[in-house]
1. Can you tell me which of 135, 200 is within 14 Å of the ligand (Cβ to nearest atom), out of contact with any strand residue (DSSP E or B) (no Cβ under 7 Å at 6 or more places or on another chain) and in a helix (DSSP H, G or I)?
2. Can you pull out every residue in the stretch 175-191 that is closer than 25 Å to residue 100 by Cβ and touching a strand residue (DSSP E or B) at 6+ places or on another chain (Cβ under 7 Å)?
3. Could we say that residue 42 is free of Cβ contacts under 8 Å to residues at least 24 places away in the same chain and not in a helix (DSSP H, G or I) here?
4. Mind listing whichever residues of the stretch 82-99 are in contact (Cβ under 8 Å) with a residue 24 or more places away in the chain and either more than 13 Å from the ligand (Cβ to nearest atom) or assigned to a loop (DSSP other than H, G, I, E, B) (or both)?
5. Looking at this structure, is residue 79 part of a loop (DSSP other than H, G, I, E, B), touching a residue at least 24 places away in the same chain (Cβ under 8 Å) and surrounded by fewer than 18 Cβ atoms within 10 Å (Cβ to Cβ)?
6. Quick one: which of 102, 124, 68 is in contact (Cβ under 8 Å) with a residue 24 or more places away in the chain and assigned to a strand (DSSP E or B)?
7. Would the stretch 42-54 turn up any residue that is away from the ligand (no atom under 11 Å from the Cβ) and crowded, with 18+ Cβ neighbours inside 10 Å?
8. Take the stretch 104-128 and flag every residue that is more than 10 Å from the ligand (Cβ to nearest atom) and under 29 Å from residue 177 (Cβ atoms).
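The values are calculated or read from the model by the stated rules, or taken from the named source; none is laboratory data. Remember, predicted model here, so these are calculated numbers, not experimental data. All Cβ positions, even for glycine, are placed from backbone atoms using ideal geometry, and neighbour counts span all protein chains on display.
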Ligand code: AP5
């Protein structure tokens, strides 16, 4: 099954995808995670995108489209994939339609006050990328990942100014994709407000898996 996870920043796309990969046995492809890995590894791509991401802006379409096209050409995507955070602009959606078909687009619905609450409390493992939240899902030992023992930190783009910019960019450039995919009959809505287990159930019902 080929899925796109749409939804505002902090709506829980990454958290849900981490659960759904076990259900569907398909790879989770997060463009944000690919960019963060490039930054951590100090690559040429990482240098190009760090300041853009930290400020809450989008990386340019041609870089992002090329990266996803190359990733979807890899063998592990033959049975499907979860695309988390791509497409995010109309040109990205139109490019994707040229190199892959999609079965469903899952739109995670979360109101702005909850978006702010989730992003401002998010903590992430620097080593394995597992997500935590200061209030809703703290690591058992302060600042230490339960899974790998890595350092748990606050993402540079989870500071107040960058969060506001990301929400603005989402409204202007990504929200129009909801109508685009709804018209194609691909969109399913998932209520992202409840606790994670319930969101997984909402997803299963909406998608029929
Ligand atoms: P990206 O990493 O994709 O950021 P995002 O879309 O803003 O999404 P987030 O990762 O912030 O949130 P999420 O929806 O995955 O929520 P999460 O599960 O973490 O992209 C980062 C940047 O890269 C972009 O700003 C851009 O610069 C660049 N980029 C990426 N893709 C691009 C593209 N296609 N084009 C151009 N540029 C691109 O959850 C958030 C918090 O809430 C966590 O603390 C979690 O523990 C908690 N939580 C989750 N679910 C629940 C729940 N049900 N109840 C309580 N807490 C919950």
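1. Numbers: 135 fails: in a helix (DSSP H, G or I).
One residue alone meets the criteria, 200.
2. Looking only at the stretch 175-191, we keep the residues that are closer than 25 Å to residue 100 by Cβ, and these are 175-190.
Those that are closer than 25 Å to residue 100 by Cβ and touching a strand residue (DSSP E or B) at 6+ places or on another chain (Cβ under 7 Å): 177, 178, 181, 186, 187, 188, 189, 190.
3. For residue 42, the condition - free of Cβ contacts under 8 Å to residues at least 24 places away in the same chain and not in a helix (DSSP H, G or I) - is met.
4. Hits for the stretch 82-99 are 85, 86, 87, 88, 89, 99.
5. It is true that residue 79 is part of a loop (DSSP other than H, G, I, E, B), touching a residue at least 24 places away in the same chain (Cβ under 8 Å) and surrounded by fewer than 18 Cβ atoms within 10 Å (Cβ to Cβ).
6. 124
7. Among the residues of the stretch 42-54, not one is away from the ligand (no atom under 11 Å from the Cβ) and crowded, with 18+ Cβ neighbours inside 10 Å, which makes the answer no.
8. Residues satisfying the conditions are 104, 105, 106, 107, 109, 111, 112, 113, 116.
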